[in-house]
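Following: one structure in structure tokens, then a few remarks.
The values are calculated or read from the model by the stated rules, or taken from the named source; none is laboratory data. Just so we're clear, the structure is a prediction, and the values are computed from it rather than from any experiment. Quick reminder, even Gly has a Cβ in these numbers, built from the backbone with ideal geometry, and neighbours come from all protein chains shown. Surface accessibility is based on the protein's heavy atoms, side chains included, excluding ligands, DNA and RNA. Shrake-Rupley method; radii C 1.70, N 1.55, O 1.52, S 1.80 Å.
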Amino acid sequence: MTKCKKKLRQFLLSNHAFDVGYHLCNDLESAVESKYPEIFEAKEALLSHGAEGALMSGSGSTVFGLFSDDDKALGAKHAIDQKKNWRLFLVDMIV
């Protein structure tokens, strides 16, 4: 069983609230981060600008952050845009 499955299984079997920072999980991320430090850098940039959680998506083509409100997300996008030559997209999550 992967670390991610263990985290989610523990959550489903408990009465605890979903913690974005703890429960976001991608088992491949830890192996890829050492070879591509920009993944860690992107996550840290998002978290330091108010993201509730940040994670590498899939096999590493993107990194995303989850924000509690639009203003925080927009502020983070503008702040990070000023410092990095990254492609940033502000999107709404479909629930």
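Which of the residues belonging to the range 77-95 are assigned to a loop (DSSP other than H, G, I, E, B), open to solvent by less than 100 Å² (accessible area, probe 1.4 Å) and within 13 Å of residue 42 (Cβ to Cβ)? Answer for the range 77-95, where residues must be assigned to a loop (DSSP other than H, G, I, E, B), open to solvent by less than 100 Å² (accessible area, probe 1.4 Å) and within 13 Å of residue 42 (Cβ to Cβ): 84, 86, 88.
When only residues in the range 1-38 that are at pLDDT 70 or above and open to solvent by 90 Å² or more (accessible area, probe 1.4 Å) count, which is nearest to residue 84 (Cα to Cα)?
Taking the range 1-38 first, the residues at pLDDT 70 or above are 24-38.
In the following step, the residues that additionally are open to solvent by 90 Å² or more (accessible area, probe 1.4 Å) were identified as 34-36, 38.
On the way: 34: 20, 35: 20, 36: 16, 38: 11 Å.
So the residue we want is 38.
So which residues in the range 62-91 are charged (D, E, K, R) and modelled with pLDDT of 90 or more? The answer is 69, 70, 71, 72, 77, 81, 87.
Filtered by the rule that a residue be open to solvent by 30 Å² or more (accessible area, probe 1.4 Å) and part of a helix (DSSP H, G or I), the range 44-76 gives 44, 47, 48, 70, 71, 72, 74, 75.
The requirement of being modelled with pLDDT under 90 and touching a helix residue (DSSP H, G or I) at 6+ places or on another chain (Cβ under 7 Å) is fulfilled somewhere in the range 39-61, by at least one residue. What are the residues in the range 32-43 that are outside any loop (DSSP other than H, G, I, E, B) and without any contact (Cβ under 8 Å) to a residue 12 or more places away in the chain, if any? Listed by number, the residues that qualify are 37, 38, 40, 41.
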